[in-house]
Amino acid sequence: MTNLQKSRSTIEEQYKAKQNRPRIVVGLGTCGIAAGGNKVMAAIKNEVASRGLDVDVDFTSCIGMCFAEPAVEIGLPGQASVVYGGIYPDKVGQLIDGHVVGKKPVTELAAIQITGGAEPFEGIPVMEQSGYYAKQVRSVTSRLGRTNPESIEDYIATGGYAGIEKAVAMERLDIINEVKKSGIRGRGGGGFPTGNKWQFVHDAVGDKKYIVCNADEGDPGAFMDRSVLEGDPHAVLEGMMIAGFAIGADEGVIYCRAEYPLAIKRLNLAIEEAEKMGLMGENILGTGFSFKIRIKAGAGAFVCGEETALLNSIEGQRGMPRVRPPFPAHKGLWQKPTCLNNVETFANIPFIIRNGGEWYAAMGTEKSKGSKVFCLTGKINNTGLCEVPMGITMGEILNDIAGGIKEGKKFKAVQSGGPSGGCLPTEKLDLPIDYDSLISAGAMMGSGGLVFMDETTCMVDVAKFFLNFTQLESCGKCTPCREGTKRLLETLIRITEGAGTAEDIPNLERLAKVIKSSALCALGQTAPNPVLTTLRYFRNEYEAHINDKKCPAGVCAALLSFSILKDKCIGCGVCLKACPVDAISGEKKAVHVIDPAKCVKCGACVPKCKFEAIVKA
Amino acid sequence: MSTVTLTINGKEVTVPAGTTVLDAALGAGFFIPTFCHDPANPGYGGCRICVVEIKGARNMPASCVTAAANGMVVETDSPAVIEARRTILELMLANHPVDCMTCEKSGECKLQDYAFRYDVKSADFGGEKKDYPQDQSNPYISRDMNKCVLCGKCVRTCEQVEDRAVINFAYRGFKTKVAPALDASLAESACVSCSRCVSVCPVGALTYTSMAGKARVWETTREEKTCSWCEAGCLFDVVSKGGEVISVTAKAPGDGRPLCLKGRLGMELRHNSQPPAPMLKKDGEFVEVSWTEALGLDDIMDKLK
Ligand SMILES: Cc1cc2nc3c(=O)[nH]c(=O)nc-3n(C[C@H](O)[C@H](O)[C@H](O)COP(=O)(O)O)c2cc1C
Ligand code: SF4
Ligand code: SF4
Ligand code: SF4
């Protein structure tokens, strides 16, 4: 083996020295950039230069607190570093005055502090104890928001490429056994045991084998894989290399959606740097093992995340699923044995090899080991990325990490698993999150998107939203999915428009059942889940729409009626002016009325009435 | 040769290893409907009408792409299977003109036959139906994509011929349709009018223009003829009504041959007493040509003069 050992110690020294310098670090993940991170970066560089300050300016990826972007971290030698949230260019001066020049943290702008062994500052939550992070673990996300993702030195100094170093000295089957021991299951949604998959590909006969990384991430609202790719691209590469060595492949392909330009840029850079250091390419670390990786940008169809459609797409064909068997492990890319895993699955591998399978298996539940990254979105206080041990309950995620529902409203449901998943109600908040519990509740782990909904959400409308998505994304190959999801959607539309009939619920159930059992691929087989779970947990809402022509949550416009409460209206006439179609009438100082035949249900009048006299129901 | 033994509808069946559940069941005398299954082009599994129940399986697999295995317990006519088949037929009919009374295919249409067999009268989900213009741009082939059930057989048979692959799926979801590149008309495409696609279409989506309005299927008789233009020997049907030949249709390509227009036109000239005038594409337009030109005999004729 060549001398990564030697350069590693030099790189570690340099990294330590870097941590011992005054530094300002800006979060430049896609979320940080979208919040204006690049402008903040420019403002900081400007201030530092014009004041001639001796301070390093660097950037990192998303630490997970998307709700606090743009985020800026400031650290001084020997002190805890502080992550500030909501730092727009106009706050930069104040921060630099206070923390860099004045050497005192600006407490009122601080989100958390990372002590790194130093004395914590007063009045700023320490990361590990802060509301957002207390129940989290930082394993596969440990570098996110902490290192510069475009620096291979940062990666190596934090244990990077120690996994492949260790792996190439192991027997191939021992590597696979270590992965089996970890108990890790595929993080792309299906939850297939990764070690077993590797074993199949290892055992498959073929003159050529491939590693393929699924970075398609097409669920609406999901960004776990994007965050990992942007924040720790080398970990994904290293995981793929370890897999390549273990199963006997010398070539890997990352299928990444073209909508992730930053991820693609950082992956390309990472590949280049790894090649330069002899960590990728021919004869890696002098062991005779060769491995190269290329990136294929996908056109962004949801179905191309399905593994066989993805392989077709890499081969330049239409992204339509193939029948399985044969599974990709036997006949995958170009009909060769192929090990296809998700981004997060691969990113976990270096940690598992470095720390051992048992270390990983110590986290989680009996059948779902380790940790999982989730994206928290919807009507919650803290939207963002979190990593939690398997087995944590949905309620803990909602109340502790997500900070509960916004504006003090009541929780109603959480959609787990994106369009393939299901809506779980309050009764399921104590459900431990693992593959099997979620499936038995009618939902899915999926890739890790959690959408929280509050009491103002109409569940029929939610089912309609997801069915509209799957219906458009169906590849069109098989009848139940192509035609069936369209009919499910049309029925839901009718119900929300007040044209539902008594047969609609049994029809929905029958169609859903047939689509689930007879569709070709998992897109169709899971597409009815949002309908089935909302019917299971919120059936009364369907019945209210169909029988009473009412939308209990007050969302479905066609079913709303607006009226003015006699005892509250003082006849001020403000609403009358707000109505765009003159549906409101009434004399000054007399009770006003809304003509339901004229009212277009725009709701413009409601907020105008200071006496809360106008109600929608 | 190794064999496997499985149970189909309670009956023990032994078949060579690698046989599909579909073939095992058909061989044992059971009926399973298929739209997309093409024995010359297996492994697609798209239409799902052939689903069966297999004990222990999570879903209902398509029998045409499932290999029979030892100890497998298969039901081909259970209530769940029938419910799935009926629902799939309803879904097809809900997106179909259902104009059997004037359809050329009536009498040999799989959709019609299966609807009859499974007693699916109509299916009104009250929703959208596809509404595409008819494509009559090619003088030989009529395409009515409103009748297409998207089995993909035409796509797969066309792409069997190297450099052809004239048609493919376009768009996604409910809007999916079979179309030449850029959704052009067949005449604008690289189609060579071989009619392989027409010969495999299970419904009335692809039909012969020359047959339009001439006969109901049950009034016709068909005589299989082997083409003698080249040694490959593609098969054609000479179609007659009341003793009169009315058309020649493509049946199956010979080994390694694409099926060609010239072959069919030659058969037409030989067997049909009133053959329709041959048309060839010149500078992108179909124009009427002489029979000698259509059959590529101009140079020989010149020499014979
Ligand atoms: C419609 C559909 C979309 C999918 N999208 C993704 C995706 O974006 N990323 C992913 O890793 N897996 C996706 N999957 C799952 C993959 O088919 C496959 O199971 C997974 O990538 C295997 O990797 P794993 O075992 O590491 O999870 C999708 C599956 C379906 C049916
Ligand atoms: S289930 Fe849907 S996405 Fe999957 S093959 Fe069938 S039509 Fe395509
Ligand atoms: S007629 Fe022949 S070339 Fe034309 S689309 Fe059909 S199969 Fe393809
Ligand atoms: S045109 Fe006929 S053969 Fe082609 S996909 Fe449609 S139904 Fe199948």
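Listing for the model above:
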{"read-out": "Selected residue (only one of A:T501, A:T491 is more than 8 Å from chain B (Cβ to nearest Cβ) and under 21 Å from A:H545 (Cβ atoms))", "value": "A:T501"}
{"read-out": "Residue satisfying all of: in the range A:36-63; in contact (Cβ under 8 Å) with a residue 24 or more places away in the chain and part of a loop (DSSP other than H, G, I, E, B); surrounded by the most Cβ atoms within 10 Å (Cβ to Cβ) among these", "value": "A:I63"}
{"read-out": "Top-ranked residue of the range B:105-121 - restricted to ones that are open to solvent by 60 Å² or more (accessible area, probe 1.4 Å) and part of a loop (DSSP other than H, G, I, E, B), ranked as farthest from the other protein chains (Cβ to nearest Cβ)", "value": "B:E108"}
{"read-out": "Boolean, A:A443 is open to solvent by less than 10 Å² (accessible area, probe 1.4 Å), within 16 Å of ligand 1 (Cβ to nearest atom) and touching a strand residue (DSSP E or B) at 6+ places or on another chain (Cβ under 9 Å)", "value": "yes"}
{"read-out": "Residue match in the range B:189-211 (condition: open to solvent by 20 Å² or more (accessible area, probe 1.4 Å), of a type in the set (F, W, Y) and over 30 Å from A:P480 (Cβ atoms))", "value": "yes"}
{"read-out": "Test result for B:I141, modelled with pLDDT of 95 or more, more than 28 Å from A:T491 (Cβ to Cβ) and within 14 Å of chain A (Cβ to nearest Cβ)", "value": "no"}
{"read-out": "Odd one out for B:C230 among (1) away from chain A (no Cβ under 14 Å); (2) crowded, with 16+ Cβ neighbours inside 10 Å; (3) of a type in the set (A, V, I, L, M, F, W, C)", "value": "(2)"}
{"read-out": "Residue pairs meeting the criteria (Cβ under 6 Å; at least 6 apart or on separate chains; first at positive phi, in the range B:46-72; second part of a helix (DSSP H, G or I) and of a type in the set (S, T, N, Q))", "value": "B:R48/A:T479; B:R48/A:S518"}
{"read-out": "When residues of the range A:455-470 are limited to those that are open to solvent by 10 Å² or more (accessible area, probe 1.4 Å) and more than 13 Å from ligand 1 (Cβ to nearest atom), the one nearest to A:P321 (Cα to Cα)", "value": "A:N468"}
{"read-out": "Filtered residue count, the range B:24-40, keeping only those that are touching a residue at least 12 places away in the same chain (Cβ under 8 Å) and more than 13 Å from chain A (Cβ to nearest Cβ)", "value": "9"}
{"read-out": "Search result, residues across the range A:322-362 that are more than 30 Å from B:R156 (Cβ to Cβ), open to solvent by 10 Å² or more (accessible area, probe 1.4 Å) and aliphatic (A, V, I, L, M)", "value": "A:A361, A:A362"}
{"read-out": "Answer from B:I82, B:I54, B:I88 - the residue that is surrounded by fewer than 17 Cβ atoms within 10 Å (Cβ to Cβ) and either within 10 Å of chain A (Cβ to nearest Cβ) or modelled with pLDDT of 95 or more (or both)", "value": "B:I82"}
{"read-out": "Flag if B:Y171 is away from chain A (no Cβ under 12 Å) and either within 30 Å of A:E490 (Cβ to Cβ) or within 12 Å of ligand 3 (Cβ to nearest atom) (or both)", "value": "no"}
{"read-out": "Looking only at the range B:241-261, and only at residues there that are open to solvent by less than 20 Å² (accessible area, probe 1.4 Å) and not hydrophobic (A, V, I, L, M, F, W, C), the one that is nearest to ligand 4 (Cβ to nearest atom)", "value": "B:T249"}
{"read-out": "Residue that is closer than 30 Å to B:E219 by Cβ and assigned by TED's automatic domain parsing to the domain that holds B:A277, where the choices are B:S106, B:S137", "value": "B:S137"}
{"read-out": "Unmet requirement for B:E128, which otherwise passes all of (1) under 24 Å from A:I515 (Cβ atoms); (2) away from ligand 3 (no atom under 16 Å from the Cβ); (3) open to solvent by less than 20 Å² (accessible area, probe 1.4 Å)", "value": "(3)"}
{"read-out": "Residue that is nearest to the other protein chains (Cβ to nearest Cβ), among those in the range A:471-488 that are open to solvent by less than 10 Å² (accessible area, probe 1.4 Å) and either of a type in the set (S, T, Y) or in contact (Cβ under 8 Å) with a residue 60 or more places away in the chain (or both)", "value": "A:G476"}
{"read-out": "Index of the failed condition, B:S122 passing every other in (1) outside the structural domain of B:L259 (by TED's automatic domain parsing); (2) modelled with pLDDT of 95 or more", "value": "(2)"}
{"read-out": "Output for the range A:1-35, where each listed residue is open to solvent by 70 Å² or more (accessible area, probe 1.4 Å), more than 18 Å from A:T60 (Cβ to Cβ) and of a type outside the set (D, E, K, R)", "value": "A:M1, A:T2, A:N3, A:Q5, A:T10"}
{"read-out": "Subset of the range A:580-605 (residues that are touching a residue at least 24 places away in the same chain (Cβ under 8 Å), within 14 Å of A:K616 (Cβ to Cβ), open to solvent by less than 50 Å² (accessible area, probe 1.4 Å) and in contact with a strand residue (DSSP E or B) (Cβ under 8 Å, 6 or more places away or on another chain))", "value": "A:I594, A:C599, A:G603, A:C605"}
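Yes or no, residue by residue, for (1) free of Cβ contacts under 8 Å to residues at least 12 places away in the same chain; (2) within 14 Å of ligand 4 (Cβ to nearest atom); (3) within 14 Å of another protein chain (Cβ to nearest Cβ):
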residue	(1), (2), (3)
B:E159	yes, yes, yes
B:A179	no, yes, yes
B:R196	no, yes, no
B:T207	no, yes, no
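Residue by residue, here is whether (1) open to solvent by 30 Å² or more (accessible area, probe 1.4 Å); (2) within 16 Å of ligand 3 (Cβ to nearest atom) holds:
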position: B:A123; (1), (2): no, no
position: B:M145; (1), (2): no, yes
position: B:V149; (1), (2): no, no
position: B:C154; (1), (2): no, yes
position: B:T157; (1), (2): no, yes
position: B:Q160; (1), (2): yes, yes
position: B:V166; (1), (2): no, yes
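Rundown of residues vs (1) within 14 Å of chain B (Cβ to nearest Cβ); (2) away from ligand 1 (no atom under 16 Å from the Cβ); (3) touching a Cys at 6+ places or on another chain (Cβ under 6 Å); (4) in contact (Cβ under 8 Å) with a residue 40 or more places away in the chain, yes/no style:
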position: A:D154; (1), (2), (3), (4): no, yes, no, yes
position: A:T158; (1), (2), (3), (4): no, yes, no, yes
position: A:E171; (1), (2), (3), (4): no, yes, no, no
position: A:R187; (1), (2), (3), (4): no, no, no, yes
position: A:Y210; (1), (2), (3), (4): no, no, no, yes
position: A:A215; (1), (2), (3), (4): no, no, yes, yes
position: A:D219; (1), (2), (3), (4): no, no, no, yes
position: A:A222; (1), (2), (3), (4): no, no, yes, yes
position: A:V228; (1), (2), (3), (4): no, no, no, yes
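Matching residues to (1) polar (S, T, N, Q); (2) within 16 Å of ligand 2 (Cβ to nearest atom); (3) at pLDDT 95 or above:
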| site | (1), (2), (3) |
| --- | --- |
| A:F466 | no, yes, yes |
| A:G484 | no, yes, yes |
| A:L520 | no, yes, yes |
| A:L523 | no, yes, yes |
| A:T526 | yes, yes, yes |
| A:L535 | no, no, yes |
| A:F538 | no, no, yes |
| A:E541 | no, no, yes |
| A:N547 | yes, no, yes |
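Yes/no per residue for (1) within 16 Å of ligand 3 (Cβ to nearest atom); (2) in contact with a Gly (Cβ under 7 Å, 6 or more places away or on another chain); (3) not in a helix (DSSP H, G or I):
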site: A:G188; (1), (2), (3): no, no, yes
site: A:F200; (1), (2), (3): no, no, no
site: A:G206; (1), (2), (3): no, no, yes
site: A:I211; (1), (2), (3): no, yes, yes
site: A:N214; (1), (2), (3): no, yes, yes
site: A:G218; (1), (2), (3): no, yes, yes
site: A:A222; (1), (2), (3): no, yes, yes
site: A:D225; (1), (2), (3): no, no, no
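The values are calculated or read from the model by the stated rules, or taken from the named source; none is laboratory data. Bear in mind that the values here come from a model prediction, so they are computed numbers and not experimental data. Cβ sites come from the backbone with ideal geometry, for glycine too, and all protein chains shown count toward neighbours. Ligands, DNA and RNA are excluded from the accessible area calculation, which covers all protein heavy atoms including side chains. Shrake-Rupley method; radii C 1.70, N 1.55, O 1.52, S 1.80 Å.
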